[in-house]
Amino acid sequence: MSGFGVVGSAFGVPDIGLIGPDQMAERVRAIAATIAPIPLIADGDNGHGGPASVACLVRAFEQAGAQCIQLEDQASPKRCGHMEGKGVIALTDAEAKIRAAAEARSTRAFKIMARTDARQTHGLDEALSRGEAFLRAGADILFIEAPQSETELQVIARHFPNTPLVANLVEDGRTPMIAPAELSQMGFKIALYPISALLAVTKRLEETYAALLAGNTPASAARSTFGHYNELVGLHEWQQFENRCNEID
């Protein structure tokens, strides 16, 4: 569950810290219920406050059905990791948030993904040091945001050979777009392409409504069918459920 994707698609605002924890927890609940039993990694941004706020967010996301929360060390107001103008908090404060998250979960089956945005603000060495500190604080998965070359990705993978690592690939962002198979060979366990579908759908929406505004009917190419869409959202299963409930013995 991409924070960038949620705030844009559900609320129509940029990813600059405008949406609060309660709203994000509700999106977790909706998405987790829809995709179950597929496990959900949910973006917790910078925890929306200090350690106590982080603990509340972890409990809310866990209760809402997520299996993992991503927490970053950005200062408020946070930014998308590939935007300009972001900053990071002091390492001691960031470590406290990860410790709070690890202690707040009800079970270790719920995973803590620790993200550092220090590559852009302080350089790769600082990002690697923060990654080490977050693992000591209780993180299960490590996410070093926005490495700026394939070489830097390789450095990260070599530095943390026994750690589940995340690679985040954002179109037009700072990290080169690399195929999942190549990332796996480097040593990354999780490859995120968090806004690929969002950007594709956005273009299609713009084209569709531009056609309507121009007085035309939308093009039928590269769209789903009415029936397939209803299949995806489970119409047939819901109809069967209603029929069973309406049966008279």
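The values are calculated or read from the model by the stated rules, or taken from the named source; none is laboratory data. Keep in mind that what you see is a predicted model, and the values were worked out from it rather than measured. We place every Cβ from the backbone using ideal geometry, glycine too, and count neighbours over all the protein chains shown. Calculation scope for accessible area: heavy atoms of the full protein, side chains included, ligands and nucleic acids excluded. Shrake-Rupley method; radii C 1.70, N 1.55, O 1.52, S 1.80 Å.
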Most mobile of ALA101, ALA64, ALA219 per a Gaussian network model of the chain (Cα springs, under 10 Å)? ALA219
Compute the Kirkwood hydrodynamic radius of the chain, taking the inverse of the mean of 1/r over all pairs of distinct Cα atoms, and give it in Å to one decimal. 19.7
Karplus-derived 3J(HN,Hα), 6.51/-1.76/1.60, for each residue of the stretch 196-209, Hz, glycine and proline x: 4, 5, 4, 5, 5, 5, 4, 4, 5, 4, 4, 5, 5, 6
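Give me the dipole magnitude in Debye, nearest 20, for the stretch 23-76 about the Cα centre, with unit charges on the beta carbon: positive for Lys and Arg, negative for Asp and Glu. Kindly include the intermediate steps, with their values, before the conclusion.
Numbers: 3 positive and 6 negative charges, 46 e Å.
Computed about the Cα centre, the dipole is about 220 debye.
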As a test, work out the antiparallel percent of DSSP beta bridges whose residues both lie in the chain, rounded to the nearest 5. 5
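What size of dipole, in debye to the nearest 20, comes out for the stretch 37-119 about its Cα centre when the only charges are +1 on Lys and Arg C-beta atoms and -1 on Asp and Glu C-beta atoms? Write down the numbers at each step before the final one.
On the way: 11 positive and 10 negative charges, 33 e Å.
Dipole size: approximately 160 debye.
Counting other C-beta atoms within 10 Å, and keeping those with at most 10, which DSSP coil chymotrypsin sites (Phe, Trp or Tyr not before Pro) do you find in the stretch 167-249?
Values: sites: PHE188, TYR209, PHE226, TYR229, TRP238, PHE241; in loops: PHE188.
Within the stretch 167-249, no chymotrypsin sites (Phe, Trp or Tyr not before Pro) qualify (loop, at most 10 other Cβ atoms within 10 Å).
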Between ARG59, ARG108, ARG119, find the one with the highest GNM mean-square fluctuation for the chain; connect C-alpha pairs within less than 10 Å. ARG108
Per residue of the stretch 156-161, in order, report the coupling 6.51 cos²θ - 1.76 cosθ + 1.60 (Karplus, θ = phi - 60°) as ³J(HN,Hα) in whole Hz, putting x for Gly and Pro. 4, 4, 5, 6, 10, x
Restricting to Cα pairs under 8 Å and 6 or more apart, the percent relative contact order of the chain works out to 13
Percent relative contact order of the stretch 22-132, based on C-alpha pairs within less than 8 angstrom and at least six residues apart? 27
Under the 7 Å Cα-to-Cβ spin-label approximation, PHE241 and ALA200 lie apart by a distance in nanometres of 2.8
Give me the percent of the accessible area of the stretch 112-249 that comes from carbon and sulfur atoms, probe 1.4 Å, all protein chains in place. 54
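For the chain, report the accessible area per residue in Å² (1.4 Å probe, heavy atoms, rounded to an integer).
54
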Counting helices only, and only those DSSP H runs with n ≥ 4, report the 222 nm mean residue ellipticity of the chain as the sum of -39,500 (n - 2.57) divided by its residues, in deg cm²/dmol to the nearest 500. -15500 deg cm²/dmol
Residue of THR121, THR107, THR217 that the Gaussian network model of the chain assigns the largest fluctuation, springs spanning Cα pairs under 10 Å: THR217
Give the long-range amide H neighbours of VAL88: residues separated by 5 or more places, or on another chain, with amide H under 5 Å away, using H modelled in the peptide plane at 1.01 Å from N. ALA75
Whole-number percent relative contact order across the stretch 134-200, with pairs defined as alpha carbons under 8 Å at least 6 apart: 32
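Taking DSSP loops as anything outside H, G, I, E and B, show the longest stretch in the chain free of GluC sites (Glu not before Pro) there with at most 15 other beta carbons within 10 Å.
Details: sites that count: GLU84, GLU171, GLU247.
Longest gap between qualifying sites, sites excluded: 85-170.
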